[in-house]
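What follows is a single structure, written as structure tokens, with notes after it.
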Amino acid sequence: MNLSQNLEIIRSRIDQACARVNRDPKSVKLIAVTKSVDDATVKQLIELGLNSFGENRVQLAKRRSEAFPQSDWHLIGTLQTNKVKYCRNFSLIHSLDRVKLAEELNKYAVRWDKQVDVLIQVNISNEASKHGLKPNEVIEFAKLVTEEYTSLNICGLMGMAPFVEPAAVRPYFRALAQLHEQLKREVKEDADILSMGMSNDFEVAIEEGATMVRIGSALFTEEE
């Protein structure tokens, strides 16, 4: 695996996607999804200048946030309420999707004396296998969190499109981007993050307004 070359290719693809829609490439943050690789690979990525990482599993994210405290660690997977206690060092939690979780996160945020940055997860594809709020639930939920759970800082939205051809995901990303604009307009003007797009569809996501893309397999796959 030529990690340096893979990273260069992905950054080039991000630049090209931004150019197609007249966006500054600096407006898109690359999150490396490192669940399938070892610590040595993480260290190599840091040496290559990457500093933001995403993990699906809470305990692994916690261990790596302690092993590599100089980097930003994002929890991008489902968060169970009994695992909230392990989330103190995370830069951003991408998967806030229910009131009970907001309540538990807020309780620990008060205990830690910090604001916990979160994204509201949206089930934009309406798939039973995916977590997240329905799009029509997001605004009321965001208002509730903002009013009731004041140690949580809503930074934006996260969503996953169905695993289909890249051209077919565009309507899902466009709908999420429109919902994101509504969130900023009606609830929280500075909720600027739109986390959408993975290895198979991140260029379309960028064209539709993603500010964060979560890339794993494209970064770690061998060239064929």
- Query: How many of the residues making up the stretch 148-169 are modelled with pLDDT of 95 or more and over 15 Å from the mean Cα position of the chain (by Cα)?
  - Reply: 5
- Condition set of a type in the set (Asp, Glu) and touching a residue at least 24 places away in the same chain (Cβ under 8 Å), scope the stretch 62-121, selection surrounded by the fewest Cβ atoms within 10 Å (Cβ to Cβ): answer is GLU103
- Query: Out of all the residues in the stretch 155-177, which are among the aliphatic types (A, V, I, L, M), without any contact (Cβ under 8 Å) to a residue 40 or more places away in the chain and within 22 Å of ASP190 (Cβ to Cβ)?
  - Reply: LEU157, ALA177
- Message: outside any helix (DSSP H, G or I) and crowded, with 20+ Cβ neighbours inside 10 Å: which single residue out of ALA161, ALA142 fits that description?
- Response: ALA161
- Exclusive hit being touching an Asp or Glu at 6+ places or on another chain (Cβ under 7 Å) and of a type outside the set (A, V, I, L, M, F, W, C), set ARG185, ARG174, ARG214: ARG174
- Task: Check whether at least one residue in the stretch 113-129 is part of a helix (DSSP H, G or I) and either at pLDDT below 95 or not basic (Lys, Arg) (or both), and report yes or no.
- Result: no
- Within the stretch 171-222, restricting to residues that are of a type in the set (Val, Ile, Thr) and in a helix (DSSP H, G or I), the one that is farthest from CYS18 (Cα to Cα) is VAL204
- Note on the structure: Scanning the stretch 72-102 residue by residue, those in a helix (DSSP H, G or I) and either under 20 Å from ALA191 (Cβ atoms) or touching a strand residue (DSSP E or B) at 6+ places or on another chain (Cβ under 6 Å) (or both) turn out to be VAL99, LEU101, ALA102
- Looking at the stretch 198-213, is at least one residue more than 25 Å from GLU8 (Cβ to Cβ), touching a His at 6+ places or on another chain (Cβ under 9 Å) and among the aliphatic types (A, V, I, L, M)? no
- Message: If I filter the stretch 122-139 down to residues being within 25 Å of GLU189 (Cβ to Cβ) and among the polar types (S, T, N, Q), which single residue comes out as surrounded by the fewest Cβ atoms within 10 Å (Cβ to Cβ)?
- Response: ASN136
- Message: So PRO166 passes all but one of these: (1) farther than 22 Å from MET196 by Cβ; (2) surrounded by fewer than 21 Cβ atoms within 10 Å (Cβ to Cβ); (3) not polar (S, T, N, Q). Which condition number does it fail?
- Response: (1)
- Any idea how many residues of the stretch 130-139 are assigned to a helix (DSSP H, G or I) and within 16 Å of the chain's Cα centre (by Cα)? 0
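The values are calculated or read from the model by the stated rules, or taken from the named source; none is laboratory data. Predicted model, so just to flag it, every value in this text is computed and none were measured. So basically every Cβ, Gly included, is an ideal-geometry build from the backbone, and we count neighbours across all protein chains shown.
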